[in-house]
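The values are calculated or read from the model by the stated rules, or taken from the named source; none is laboratory data. None of these values were measured; they are calculated from a predicted model. Please note: Cβ atoms are built from the backbone with ideal geometry, for glycine as well, and neighbour counts cover all protein chains shown.
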Amino acid sequence: MANKISDETIEEVGILAKLELTEQEKKDAKADMEKMLDYIDTLNELDTEGIEPMSHVFPLNNVFREDIVTNGDGSLDTLANAPLKKDNSFKVPKTIG
Amino acid sequence: MAKQYETIIGLEVHVELATKTKIFCSCSTRFGGAPNTHTCPVCTGMPGSLPVLNKQVVEYAAAIALAAHCEITRECKFDRKNYFYPDNPQNYQISQLYLPIARNGYVEIGAGDTKKKIRIHEMHMEEDAGKLIHDEWDDTSLVDYNRSGVPLVEIVSEPDMRSADEVIAYLTKLKTMIQYLGASDCKLQEGSMRADVNLSVREAGAKELGTRTEMKNLNSFKAIARAIEGERARQIELLEAGRKVVQETRRWDDNKEASYAMRSKEDAKDYRYFPEPDLVPVVISGEWIDRIRKNQPEMRDEKLERYKKEFDIPQYDAEIITESKHMADIFEKAAALCGKPKKVSNWLMVETLRLLKEHEMEPEEISFSPEHLAELVTLTEEGAINSTVAKKVFEKIFAEDIEPAAYVEEQGLLNVNDEGELLKVLQKVIAENPQAVVDYKGGKEKALGALIGQTMKAMKGKADPGMVSKKLREYLQ
Ligand SMILES: [Zn+2]
């Protein structure tokens, strides 16, 4: 059963998540992820032959909103969590947009 | 002999829909508000917030899909596209991958023998990201989430285009179509229409496609054309040198007229899509589709035919005026107000086009009101101002949307219709130009022109040249 995560996978996941990990952190993350995959593997024990994949548990569709503005100026609340701000904006390290 | 190359181009076009609210929350989509004023927990990705789909987004997307001859997916769903970037507060973008709203359409470009179908692979609904502004002062970036969650439709074409001209024709066609539907204003400069260009080259006659690159950051038709020429040349140069084209995303810098590859970290293409658990499927019934079809406004081709018939406007003029919905709206309103469609069309075709070109503006950027153009036409028709003055007044209307009647009054530009005054000036001009009078009487028609010119000059241009000519002839008989 036991899943194996390669060094390349950890490297790739780090890049995708924009994380810089130390060697020790990489080792720990690898062990954690292997455990998680083993846990998820339990699902493979179920026989899903002939069952439609679904993304929803409720038989619901077409839940809509009308196109009417009801939200006002939300900037105060939005910026309340900003570690750094300037000119009513979040201030972040230089990023080329 | 030098090798011949063929350019293969496909486009991903993003269009911001003209809804009042965002795609999943009731925040305003208005352009240009102070940073972060149009935000709430949903469009800033706060934990526990739940998106609810704006029905109008589906209506607009389906209307565009139908106009582009697409098949509507009767049950479509949303998916999460995962990536990390400061403009994306949720760390994922809600988009559609597995069951997009529409597939397999086309639009036609060109006319007559050069008519060609550009196939549309698919269209999907998604949310826009926030905006990053580089702060020169302390070399950081500032993030504004007002645009986060603004609804987009992405239109993905097949690689059916072969030149920059075809790309521009395709984009113009889409833009006109979407503007007529009222689904978006499609302003490239403001970013409400954006195009990413996928381009590869191959030796003429080759069957296999070459490796393609994707070019981003193209915000005008001119930039798109330049970027296509530049990328085609770059790829051919690589191949000629025996090197390979690398599949990558490149950013076009229009000031430097060059592109550069984005760092691989920015270009991570593993988006780990999965079905969006917070949104239920959208079922689009046959009745709904019929209703959207029925509500479709008059489209460009119908309007063009109507202009030719109803107003007797020539084909070429009707094509130019109807290409921009905005210009067509101005034309119709002004024509209805002054009752002189041909005169209105003339102002649009000559002076308006000239000024647009001079200022490198798009027809969508015309900011004068049809009322003022109609008023100008009426003033000219009534003989209150002459054509030279009218041109000057029109430039003011074009630039500042002034009210022409008040303006000519204020500036003293009205024609002098006082016959006594005119006669006085005529007598003076005739007295001062005896030779011209003799020449005219001797049969030299040209001499009259000189006398008209002198009179107009003496009256500071505020006379109707037709009237001056008539009076001169009478006087000299
Ligand atoms: Zn919001």
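Taking segment B:120-164 as the region of interest, how many residues are facing chain A (nearest Cβ under 7 Å), of a type in the set (A, V, I, L, M) and within 16 Å of the ligand (Cβ to nearest atom)?
Adding up the residues that qualify gives 1.
Of everything in segment A:76-88 that's facing chain B (nearest Cβ under 7 Å) and not hydroxyl-bearing (S, T, Y), which residue is nearest to the chain's Cα centre (by Cα)?
Of everything passing the filter in segment A:76-88, A:L79 is nearest to the chain's Cα centre (by Cα).
Based on what the data block shows, is B:V42 in contact with a Phe, Trp or Tyr (Cβ under 7 Å, 6 or more places away or on another chain), within 19 Å of A:I68 (Cα to Cα) and either hydrophobic (A, V, I, L, M, F, W, C) or not assigned by TED's automatic domain parsing to the domain that holds B:A204 (or both)?
Against the criterion (in contact with a Phe, Trp or Tyr (Cβ under 7 Å, 6 or more places away or on another chain), within 19 Å of A:I68 (Cα to Cα) and either hydrophobic (A, V, I, L, M, F, W, C) or not assigned by TED's automatic domain parsing to the domain that holds B:A204 (or both)), B:V42 qualifies.
Being part of a loop (DSSP other than H, G, I, E, B) and within 30 Å of the chain's Cα centre (by Cα) is the filter; apply it to segment B:87-108 and report the residue that is nearest to B:L132 (Cα to Cα).
Among those residues, the one meeting the criterion is B:D87.
Determine which single condition B:P86 fails, assuming it passes every other condition in (1) modelled with pLDDT under 95; (2) under 30 Å from B:Q296 (Cα atoms); (3) away from the ligand (no atom under 14 Å from the Cβ).
(2)
Does B:A18 satisfy being modelled with pLDDT under 95 and away from the ligand (no atom under 15 Å from the Cβ)?
No; evaluated as a whole, the condition is false for this residue.
One line per residue, one yes/no per condition, for (1) of a type in the set (K, R); (2) closer than 27 Å to B:C27 by Cβ:
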position: B:G149; (1), (2): no, yes
position: B:M161; (1), (2): no, no
position: B:L171; (1), (2): no, no
position: B:M177; (1), (2): no, no
position: B:C186; (1), (2): no, yes
position: B:E208; (1), (2): no, no
position: B:R212; (1), (2): yes, no
position: B:N219; (1), (2): no, yes
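Only one of these conditions is not met by B:V283: (1) more than 30 Å from B:K303 (Cβ to Cβ); (2) crowded, with 18+ Cβ neighbours inside 10 Å; (3) in contact (Cβ under 8 Å) with a residue 60 or more places away in the chain; (4) β-branched (V, I, T). Which number is it?
It fails just one condition, (2).
So which pairs qualify, if the first residue must be in segment B:112-137 and free of Cβ contacts under 8 Å to residues at least 24 places away in the same chain, the second must be small (G, A, S) and assigned to a strand (DSSP E or B), the Cβ gap must be under 8 Å, and the two must be at least 6 apart or on different chains?
Here the result reads B:I133/A:S89; B:I133/B:S141; B:H134/B:S141; B:D135/B:S141, each pair linking segment B:112-137 to a residue that is small (G, A, S) and assigned to a strand (DSSP E or B).
Show me the helices (runs of 4 or more DSSP H) found entirely inside segment B:383-461 where at least 3 residues are within 45 Å of the chain's Cα centre (by Cα).
B:387-400, B:404-410, B:446-458
Please work out which residue is surrounded by the most Cβ atoms within 10 Å (Cβ to Cβ), limiting yourself to segment A:31-75 and to residues that are among the β-branched types (V, I, T) and at the interface with another protein chain (Cβ under 7 Å from one of its Cβ atoms).
The qualifying residue surrounded by the most Cβ atoms within 10 Å (Cβ to Cβ) is A:V69.
The rows are residues; the columns are (1) within 14 Å of chain A (Cβ to nearest Cβ); (2) in a loop (DSSP other than H, G, I, E, B); (3) exposed (fewer than 15 other Cβ atoms within 10 Å of the Cβ); (4) aliphatic (A, V, I, L, M).
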position	(1), (2), (3), (4)
B:T7	no, no, no, no
B:L11	no, no, no, yes
B:A18	yes, yes, no, yes
B:S26	yes, yes, no, no
B:G32	yes, yes, yes, no
B:P41	yes, yes, no, no
B:T44	yes, yes, no, no
B:S49	yes, yes, no, no
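If you go through segment B:205-220, how many residues are in contact with a helix residue (DSSP H, G or I) (Cβ under 6 Å, 6 or more places away or on another chain) and closer than 20 Å to B:E237 by Cα?
The total comes to 1.
In the set B:I289, B:I284, which member is on the phi < 0 side of the Ramachandran plot, more than 29 Å from the chain's Cα centre (by Cα) and not polar (S, T, N, Q)?
After applying the criteria, what remains is B:I284.
State the number of residues belonging to segment B:41-55 that are within 12 Å of B:T21 (Cα to Cα) and near the ligand (Cβ under 10 Å from one of its atoms).
Within segment B:41-55, residues that are within 12 Å of B:T21 (Cα to Cα) and near the ligand (Cβ under 10 Å from one of its atoms) number 1.
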